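Below: the structure, in structure tokens.
The values are calculated or read from the model by the stated rules, or taken from the named source; none is laboratory data. Given the structure is predicted, the values throughout are model-derived calculations rather than measurements. With ideal geometry, Cβ positions are generated from the backbone for all residues, glycine too; neighbour counts draw on all protein chains shown.
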């Protein structure tokens, strides 16, 4: 085994990533077999790192659980974690995850669970989309206490722009593939968010809750809170 990675034949597990990035290699389960996922997870733990596996179905979880008894499954988020102990949550590391609709929850929970795995305090604010703007406004005081906002929306993707016009925190917008035909599997939401007239809005890829959480982690880390 190379000191920086382990070659499993089908995968080269990057054990040096913790030093470079501040957290270990993450397993993207989609496209991998349960046996491959379990072997990668076992390799990560063998090198004294925690496991975060995204887009994991129950078969992936069961395969990991078979070799790592501490495995925990977050079904809505489609995430499996294995942690020696949870990271210490820092009081100044609050990230609010704001979800437009209930159908967007798998993506927002991917962001929430990932953020918690990385040591951020997370506040979930669900179902406050623009079709009932009063729901958002009622939570505005709470939202303004966060260091960074992750705003998740499908359909036309207008929620990050609305939030961006009301607050002074950085916003990470996450378009989801939720919507009818002309939503084009999230493309309309993505384009709306990228064309936002509200300053301070950055956009990750469609359904990429994981990427939004990592960006929130780095924003808060660079602010000196972590």
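In the set 69, 145, which member is surrounded by fewer than 18 Cβ atoms within 10 Å (Cβ to Cβ) and touching a residue at least 40 places away in the same chain (Cβ under 8 Å)?
145
Condition test on residue 202, is it in contact with a helix residue (DSSP H, G or I) (Cβ under 9 Å, 6 or more places away or on another chain), crowded, with 22+ Cβ neighbours inside 10 Å and modelled with pLDDT of 95 or more?
no
Please tell me if residue 107 is part of a strand (DSSP E or B) and touching a helix residue (DSSP H, G or I) at 6+ places or on another chain (Cβ under 6 Å).
Answer is no for this residue.
Quick check on my filter: what residues within the stretch 1-50 are at pLDDT 95 or above, within 13 Å of residue 71 (Cβ to Cβ) and outside any helix (DSSP H, G or I)?
27, 29, listed by residue number.
Can you tell me which residue in the stretch 161-192 is surrounded by the most Cβ atoms within 10 Å (Cβ to Cβ), limited to those that are touching a residue at least 40 places away in the same chain (Cβ under 8 Å) and either part of a helix (DSSP H, G or I) or outside the structural domain of residue 112 (by TED's automatic domain parsing) (or both)?
Going through the qualifying residues, I end up with 163.
Being within 13 Å of the chain's Cα centre (by Cα) and assigned to a strand (DSSP E or B), is that true of even one residue in the stretch 151-160?
Yes, because at least one residue in the stretch 151-160 is within 13 Å of the chain's Cα centre (by Cα) and assigned to a strand (DSSP E or B).
Surrounded by 19 or more Cβ atoms within 10 Å (Cβ to Cβ) and either out of contact with any helix residue (DSSP H, G or I) (no Cβ under 6 Å at 6 or more places or on another chain) or in the same structural domain as residue 156 (by TED's automatic domain parsing) (or both): is that true of residue 140 in this structure?
Taking the combined requirement at face value, the residue does not satisfy it.
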